[in-house]
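The next block holds one structure in the form of structure tokens; read it before the comments.
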């Protein structure tokens, strides 16, 4: 039987009784692995692997010993409870072997869980699982998770008291991060809120999201955007001491100002725009950038982007002026441009 959408999500959370085998396939190995882990946990529980109720078989070993899968599903363990035999990275070359094991399956045998890469509609392995009444096939695609998927993941991670606004931020984060990174972020957030009964805040989320820019570089760019021209020199000296390339700093600053410009031009306002940015901006950093957008305005931001673009081109040319000096002068000009706006 074929699983898709909400039916697949429901099945992974509560597998049907009498299921002999499940095939999970897809091009994204991380997404497939997460779904496989979810399914196996639903079948045998959190302690199933420790109680030796999970048997792992590699595709290479099964090709050498075709009876390995059938023997594994028939074997009896020391601990009572459901059992799973997991076959990883299967291909169509194993279809006949898997078919023989499914035909030999009886009530009380271990459930067969198989993962595979992307399988075409004509795949013999896929047709096998889709064509039987006691087996299931689920294709995993790189679609952004829905709000329901995120809520389920938050609940499973043990994170309580999440308001509507913060759930929207977590949903945006789920759509921006890889599944593995998002799962780790939720785990980190759950530990961060351990024994804390207060609702999850934007600051809590911001403290747990993966860092994308070094803090010192981020701080330097915020100084420019906040028109603190007098502090540009010392912070540039600090960045130079860290060995950061001036071109890299310029590119990061241009990216920051383009994000501000996009937020200033957004029809629903900078707050919504920054939440929907890629990657999304959260917590105190978002509040800081919203203030910057409102201070600058769209047209002044265009001027700052122009200065950074010209500076980037100049640094890449063969001009005799040192790149560090050119960049520092550009940053001071941008900070003064913001000051003229405020006056």
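Computed from the coordinates by the stated procedures, all read-outs in this text should not be read as laboratory data. Quick caveat: nothing in here was measured; it's all calculated off a predicted structure. Neighbour counts are summed over all protein chains in view; Cβ atoms, including those assigned to glycine, are modelled from backbone coordinates with ideal geometry.
Summary table
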quantity: Unit Cα scatterers, Debye sum, the chain: log10 I(q)/I(0) for q = 0.12 Å⁻¹; calculated: -0.89
quantity: Area projected by the alpha carbon convex hull of the stretch 2-139, averaged over all directions, nm²; calculated: 7.5
quantity: Folded to 0 to 90 degrees: helix 246-265 orientation relative to the chain principal axis, Cα; calculated: 80
quantity: Computed [θ] at 222 nm, helices only, for the chain once each DSSP H run of length n ≥ 4 contributes -39500 (n - 2.57); calculated: -18000 deg cm²/dmol
quantity: Protection proxy ranking, peptides 83-92, 287-296, average beta carbon neighbours within 10 Å, highest first; calculated: 83-92, 287-296
quantity: Pair residue 287, residue 28: separation of 7 Å Cα→Cβ label points (nm); calculated: 3.2
quantity: Length gained when the stretch residue 89-residue 181 is fully extended (0.36 nm per residue, less Cα-Cα span); calculated: 30.9 nm
quantity: Gain in span if fully extended, residue 238 to residue 120, counting 0.36 nm per residue against the direct Cα distance; calculated: 37.1 nm
quantity: Efficiency of FRET from Cβ geometry, residue 152 and residue 316, R₀ 51 Å, rounded to 0.05; calculated: 0.60
quantity: Spherically averaged projected area of the stretch 124-205 from its Cα convex hull (nm²); calculated: 7.0
quantity: Rh by Kirkwood over Cα pairs, then Stokes-Einstein D for the stretch 209-315 at 0.890 mPa s and 25 °C, µm²/s; calculated: 172
quantity: Highest-MSF residue in the chain out of 120, 138, 330 [GNM, Cα springs under 10 Å]; calculated: 120
quantity: Value of relative contact order over the chain, rounded to a whole percent, pairs C-alpha under 8 Å and six or more apart; calculated: 16
quantity: Relative contact order (%) - the stretch 215-342, alpha-carbon pairs under 8 angstrom, separation at least six; calculated: 38
quantity: Segment residue 188-residue 203, extension gain: residue separation times 0.36 nm, minus the distance between their alpha carbons; calculated: 4.0 nm
quantity: Cut-off 16 Å (backbone N to label point 7 Å along Cα→Cβ of residue 196), residues of the stretch 265-296; calculated: 282-285
